[in-house]
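The values are calculated or read from the model by the stated rules, or taken from the named source; none is laboratory data. These figures come from a predicted structure and were not determined experimentally. Reconstructed Cβ throughout: ideal geometry from the backbone, glycine too, with neighbour counts over all protein chains shown. Accessible surface is based on the protein model in full, side chains and every heavy atom, while ligands, DNA and RNA are left aside. Shrake-Rupley method; radii C 1.70, N 1.55, O 1.52, S 1.80 Å.
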Amino acid sequence: MNDMTPTREQREAKLEGMGCKRKRVEDIRFTQGRGQYVDDVKLPGMLHGDFVRSPYAHARVKSINTEKALKVPGVLAVITAETLKTVNLAWMPTLAGDVQMVLADGKVLFQNQEVAFVVATDRYTADDGINAVEVEYEQLEPQIDPFTAMDPGAPVLREDLTGKNTGAHGPRKHHNHIFEWTVGDKDLTDAAFRKADVTIKEMISYHRTHPSPLETCQSLCSFDKIKGELTIYGTFQAPHVVRTVVALIAKIPEHKIHVIAPDIGGGFGNKVGVYPGYVCSAVASIVTGKPVKWVEDRIENLTSTSFARDYHMTTEIAATKEGKVTGLRVHVLADHGAFDACADPSKWPAGFMNIVTGSYDFPVAHLAVDGVYTNKAPGGVAYRCSFRVTEAAYCIERAMDILAQKLGMDPAELRLKNFIKAEQFPYQSALGWEYDSGDYHTAMKQMMEKVDYAGLRKEQAEKREAFRRGETREIMGLGVSFFTEIVGAGPSKNCDILGIAMFDSCEIRLHPTGSGVARVGTKSQGQGHETTWAQIIATEIGIPADDITVEEGNTDTAPYGLGTYGSRSTPVAGAAIAMAARKIKAKAQMIAAYKLEVHEDDLEWDIDGFRVKGLPEKVLGMKDICWIAYNAPPPGMEPGLEAVSYYDPPNMTYPFGAYLCVMDIDVDTGVYKVRRFYALDDCGTRINPMIIEGQVHGGLTEAFAIAMGQEIRYDDTGNVMSGSFVDFFIPTAVETPKWETDFTVTPSPHHPIGAKGVGESPNVGGVPCFSNAVNDAFSFLGSTHIQMPHDYWRNWQAAKALGVVG
Amino acid sequence: MATQAKKTQVSMKVNGVEVDGLVEPRTLLVHFIRENLQLTGTHIGCETTHCGACTVDIDGLSVKSCTMFAVQADGSEITTIEGIANADGTLSALQEGFRQMHGLQCGFCTPGMITRAHRLLQENPDPTEEEIRFGIAGNLCRCTGYQNIVRAIQYAAAKINGTEFQEAAE
Ligand code: FES
Ligand code: FES
């Protein structure tokens, strides 16, 4: 070997494959302002559309007069429900099996509901048109509180459902009832409670909030009358699903619909749903024959497209006096707003809420969820979590702390006592899931050691004494949370969206000179797929990541996939990528065997090519194989080197983690300080540690916001009280705590590369961690549970209620 | 109610180039930049002066261009994200810092964030972490949790000052 021959380490490093902190490909354009987001796309002759919205939460629409608006110079059309009825689009199906008004049809059911769509030459003129539309309303009694929605005298919200005693998910008990969903064995659970030494019961609310990505929802539709083709640019987390849904409801053949999701400025679940703006911009383009753009403003985003949470969870645990849990019983009252527009796999009206047994070995459990209508915006999306998993994790993690308090046990000790043990995996949960893998004790102990848990508890005990002696007005809380996520929807046997199975896909095409392109059915909104997908391929087939272009978001070129949400990209598409790469590798091996004149079995893979076993100098690199595949393939073999894989996962993946928060609260002001936050995540095989850590930082920041103040709040008449960034809490760099990250690695046994998902774990585990810290701080003063969000004012109220401030 | 009015001529220097255009008095500067000048790197995240996605540099100050009329910027000198790279087209120290330190994810806040940091480092060439956090508090990011943005700015400051960037120990 001469000095120029690269070492194995150099060859390996050149690939920038899995496990490497590869710098992101996307950043080159984003740091220079050269990203292309929907509002950056401009088409010749483009018009702008914008909505007239309802000022009322519940009202009858008596008349809509568009005459004056149409006289405003530059206004070309005003679309109302009447216009939409001519194309059968006044209502649209939701992902949850309900229907939703596209534009107010007879009634409005929430404040800022879409009433009419004004189309004009530019955004300013559209706004002039909006101001000139005259709508006459007759106010009706609003139903805001979900707890009284099923009272006998509650107002009827959904007149369209009159007489329908059955919904998409079974019988309806009341005119404002949507569904009841139950899982688990009720009798066995009730029996466990009868026998229990100790039980706890608490109503744990997870308030309404909103994903609020920095870029709002937007679309640009262009209908080509001559070709009969519709092109849609949009902020879509799942572009192929949009194409199929449009084909089904607009009756345009699917091959004549082109959906393009360009760069997306964050999604967090907000961009999964189908919104009236998308439909109206498409109809407006068909009506006017011109491209029509719709761009939501921030207030519209917070008040009309897809809230999250709003789950009110009455939670009971049964346990022995030694602290072994024996049963879990949860009833959820779910506020869905005016339409059930939850973005869950269709058979799951409450998402994967049945992961509520968490990381603990509950022998029996029972869960019942009642969904109700109220006069609030529709939605119920998974805000940076797998479907309703953050609600479930909050519920069980708060309840375990309450149980620990009742037993006089340390919350960490209680968890260690009840964890599913490493040898129990694959583990069948009482509510029907098969957990693929985990090692909870190791993760928890690593966390406790790294933060000096015992030392922190000792400090807390001293501080409490000092508080009792009147030497300090500060109380200290330790928030422990241990979560199990369930991500990677999902196996076609139980996961679909409107009948579309939730597989994902990848197509890899290598070029003769040894570079290539990979097209994937997912869609990054900041996750960095262009970077990480190439890393998987680099490791699998030895082509440097830099030589692989990754494309997503164009339904004309990408293979069919179900998109990116619920941390499904790595578990599902990540597997498809590895499988497509392995098909290529198999063909490459045949080529290498022919060229090196040996049997295929005599070859072994070595970083970036094949070599003959025992003859290290007889090698053929992938780059050369690419050329040969096209230009001199073995006799009888088709030329070319490409593969496609559609992956239907056999199971979900179950990432987990152990978090700890140290918080100090001044009881006289309610002001809190996060002194320390430690997050240990186990997401199986780690593809790019830099990106994983970045995702953990971001998810923790969202969790911090949600737990400590971020809320969509309504007054009694249905006015939104936090509909802009003035009142909707988005932490700045000043408030945001510093994050410490750590990890363990427990690979998924059924995933080709052992990877799970990670982007949402920090939100799932973070919210209970913050909330437990606040509750732990106050617990020695006699409180068991304080509802989120824990802003300064509420902390001060809590201190007052506990009698420690005057 | 705002209505259409006669258009006014405005001219300004943007990223070193003299530009002019006809705008309504109510036209926001961010729309003039994005629509008339086709410089779409400057983003809109709120239109209420909270998020900073629309931050540009005007006559030596960081300004949220969603809350300024184009006519108010008449005669001024503006730098947008498209004018931040080095003269030879390579990434500036800040742009490089954001990439090296993973200071961005979806990239939507990034132009405003970098444009703000660009001014911050001229106001205070060697800021502490606390000064950086305070200095970018007018710019919201939904993806990163700011920690790596702070490191990105520290990286750039070190590079500009010719000192060695010290990775903050976790
Ligand atoms: S768009 Fe200007 S501050 Fe948000
Ligand atoms: S990177 Fe997405 S908002 Fe900052």
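Legend: mean number of C-beta atoms from other chains within 10 angstrom of residue C-beta atoms, peptide A:210-216, equals 6.
Could you list, in their original order, any pairs among A:Lys71/A:Lys107; A:Lys225/A:Lys256; A:Lys347/A:Lys756; A:Lys107/A:Lys164 whose Cα atoms are separated by more than 21 Å? Don't skip to the end; give the middle numbers.
Details: A:Lys71/A:Lys107 26 Å; A:Lys225/A:Lys256 11 Å; A:Lys347/A:Lys756 23 Å; A:Lys107/A:Lys164 19 Å.
Cα-Cα > 21 Å for A:Lys71/A:Lys107; A:Lys347/A:Lys756; rest within.
Which residues does a label at A:Asp224 reach in segment A:35-59, if reach means a backbone N under 15 Å from a point 7 Å past the Cα toward the Cβ? So the set is A:43-44. For chain B, the solvent-accessible area of protein heavy atoms averages 41 Å² per residue (probe radius 1.4 Å; ligands and nucleic acids excluded). For chain B, the Kirkwood hydrodynamic radius from C-alpha pairs, put into Stokes-Einstein at 25 °C and a viscosity of 0.890 mPa s, yields a diffusion coefficient of 148 µm² per second.
Local charge for A:Cys217 was computed over the other residues whose Cβ lies under 10 Å away, with Lys and Arg +1 and Asp and Glu -1, and equals -2.
Here the convex hull built on the C-alpha positions of segment A:338-452 has a volume of 143 cubic angstrom per residue. P(r) tail, segment B:8-83: Cα-Cα pairs separated by more than 21 Å, 13% of all pairs.
Centre-to-centre, using Cα atoms only, segment A:181-225 and segment A:753-806 are separated by 18 Å.
Per-peptide packing, taken as the mean over residues of other Cβ atoms within 10 Å, places A:425-433, A:754-762 in the sequence A:754-762, A:425-433 from highest down. For the peptides A:259-272, B:91-104, the ranking by packing is A:259-272, B:91-104, with the highest mean count of neighbouring Cβ atoms within 10 Å listed first.
From the alpha carbon centroid of segment B:1-55 to that of segment A:403-482 is 53 Å. The portion of the accessible surface of segment B:93-161 made up by carbon and sulfur, rounded to a whole percent, is 49 (1.4 Å probe; DNA, RNA and ligands excluded).
Averaged over its residues, chain A has an accessible area of 34 Å² per residue, based on protein heavy atoms and a 1.4 Å probe. A Förster radius of 22 Å combined with the Cβ-Cβ distance from A:Val156 to A:Asp716 puts the calculated FRET efficiency at roughly 0.70. Once the Cβ-Cβ distance of B:Thr67 and B:Glu130 is raised to the sixth power relative to R0 = 30 Å, the FRET efficiency obtained is 0.65.
Per residue of A:722-731, other chain Cβ atoms within 10 Å of the residue Cβ number 3 on average. P(r) for segment B:93-161, from all Cα pairs and a bin width of 5 Å, is 4, 20, 35, 28, 10, 2 %, short bins first. Helix screen, chain A: no DSSP H segment has Cα axial length of 18 Å or more and mean Kyte-Doolittle hydropathy at least 1.0.
Accessible surface buried by the A/B pair amounts to about 4800 Å², both sides summed, 1.4 Å probe. For the protein assembly as shown, adding -39500 (n - 2.57) for each run of n ≥ 4 DSSP H residues and dividing by the number of residues yields -8500 deg cm²/dmol at 222 nm. Hey, which aspartates and glutamates would be in cross-link range of A:Lys421, C-alpha to C-alpha under 13 Å, not counting anything within fewer than 8 residues on its own chain? Straight-distance partners of A:Lys421: A:Asp361, A:Asp436, A:Asp439. Global size of the protein assembly as shown: 28.5, 90 Å for Rg and Dmax (C-alpha atoms, Rg to one decimal, Dmax whole). Checking the a/c ratio against 1.5 first, then a/b against b/c, what shape does the Cα gyration tensor give for segment A:1-149? In terms of gyration-tensor shape, prolate.
When the trypsin sites (Lys or Arg not before Pro) in segment B:117-170 are filtered for DSSP coil states and for at most 11 other beta-carbon atoms within 10 Å of their beta-carbon, no site remains. Relative to the longest principal axis of the Cα atoms of chain B, the long axis of helix B:110-123 makes an angle of roughly 70 degrees.
Compared with the direct C-alpha span, the chain from A:Asp145 to A:Lys173 gains 8.3 nm at full extension, assuming 0.36 nm per residue.
Applying a 4.7 Å cutoff between beta carbons, the unpaired cysteines of chain B are B:Cys106, B:Cys143. Label-to-label distance, B:Gln122 versus A:Asn88, with points set 7 angstrom from Cα along the beta-carbon direction: 6.0 nm.
For the pair A:Ile286 and A:Glu322, what calculated FRET efficiency results from E = 1/(1 + (r/R0)^6), where r is the Cβ-Cβ distance and R0 = 45 Å, to the nearest 0.05?
According to the calculation, E is roughly 0.10.
Label positions at B:Asp88 and A:Glu449, each projected 7 Å from the Cα along the C-beta direction, are separated by 5.0 nm. Remark: mean inter-chain Cβ contacts per residue of A:120-127 equal 3, using a 10 Å Cβ-Cβ cutoff to other protein chain atoms. Over 24 Å apart at the Cα level, from the set A:Lys463/A:Lys800; A:Lys201/A:Lys417; A:Lys587/A:Lys613; A:Lys195/A:Lys417; A:Lys251/A:Lys290, is no pair at all.
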